[in-house]
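I have placed the structure first, in the form of structure tokens, so that the comments after it can refer back to it.
The values are calculated or read from the model by the stated rules, or taken from the named source; none is laboratory data. All of these numbers come straight from a predicted model, not from anything done at the bench. Cβ atoms come from the backbone with ideal geometry, glycine included; neighbour counts cover every protein chain shown. Heads up: the accessible areas ignore ligands, DNA and RNA and are worked out on the full protein's heavy atoms, side chains in. Shrake-Rupley method; radii C 1.70, N 1.55, O 1.52, S 1.80 Å.
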Amino acid sequence: MLRCLSGICCGNSAPEENVVLVRQVVKPIRPLDCKEPCVQATTLKHLTKYGLLLAPPGADVPIAVVSSNFETNSSRLLLVVPAPGDAAIWDPTLGEHGNVAHMMLWAEANGYASAFFSHQALSAAPAENWDRVVRGSPARHATVIVASGMLNCLQAALQSVHPLLFSRFRTVCIFGADTLEDFNAETPELRRHLEGSTVAIPSTWQQLETQVAYQYLFELLRDKEERWHTLELKKYAGYQGLKENDMPGLKRMGVDQRVQRLDRDRNDDELARLLKKHEEARSKAEDSEEEPGID
């Protein structure tokens, strides 16, 4: 519907204010007579009866199970690094909260593709098996859920990943007594990225009722994603003020000016300073956040 521009039709009614829409966290809907899934699954193959697929496709020995939209969901991806134990439990220390069923259902309801690794396979060859699974997903926003005591396994999986690739892992959730100090990143880029993306879930989380706990977890993931988009928007808005660089579609530098700037220091030119400014702003924004709590 078109709104009257000069109030002729609607009198002196005030114009509507722009409303910022926040993505709502959706609770999974299940029939009342539906039994608790996955509780008896001891291997990855047992999980396929609940709609998950073995990954990578065609592998003689599967190293993970993934959701049916794993290869088609280009928006969000949820990766779970499990602790030792049955395939149905991604973290035995969390009790009922550590059941794969809950994570799978909440991820599906909120538009995530999901992947649950085999603990044995990921521990045996972290970097290789991580890449074999993750490269099959086109999702640009990935979240990693790390079970208690498995931070070193994630470290081994990411050490050889190029910075352009691990930048899409925008949220890393750790549980239990794990802290970022336990992560000994060999590269400063990986360390800096994790400092801005890691969230420590408080120990009181597992004391909540299961549905409340997962509602809190996925709201936290939603808020982290929204903050990332806000900072990216500010960064791209800064491109409009560039005076020394090309702005595709808006301004192109002449050939003479281009030649004069060939020997510039690309680590300290106008574009580099803009990117560093917003990287520092991202770090400060993360540092200023209070430790997540639960009411």
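Odds and ends about this structure:
- Value of Rg/Rh across the stretch 69-115 [Cα atoms, Kirkwood radius]: 1.01
- Relative intensity, log₁₀ I(q)/I(0), of the stretch 128-219 from a Debye sum that treats every alpha carbon as a point, q = 0.14, 0.23 Å⁻¹: -0.54, -1.25
- Percent carbon-and-sulfur accessible area, the stretch 114-183, ignoring ligands, DNA and RNA, probe 1.4 Å: 54 percent
- Size of charge dipole - the stretch 72-173 - debye, nearest 20, with Cβ of Lys, Arg +1 and Asp, Glu -1, no other charges: 460 debye
- Restricting the trypsin sites (Lys or Arg not before Pro) of the stretch 51-144 to loop positions (DSSP other than H, G, I, E, B) with no more than 16 neighbouring Cβ atoms within 10 Å leaves Arg135, Arg140.
- Once the chain from Thr230 to Asp256 is taken as fully extended at 0.36 nm per residue, the excess over their C-alpha distance is 5.7 nm.
- Think of a 1.4 Å ball rolled over the protein heavy atoms: the stretch 70-114 then has 29 Å² of accessible area per residue.
- If you sort the three axes of the alpha carbon gyration tensor as a ≥ b ≥ c, you get a/c of 1.5 or more for the stretch 73-180 and a/b no higher than b/c, which makes it oblate.
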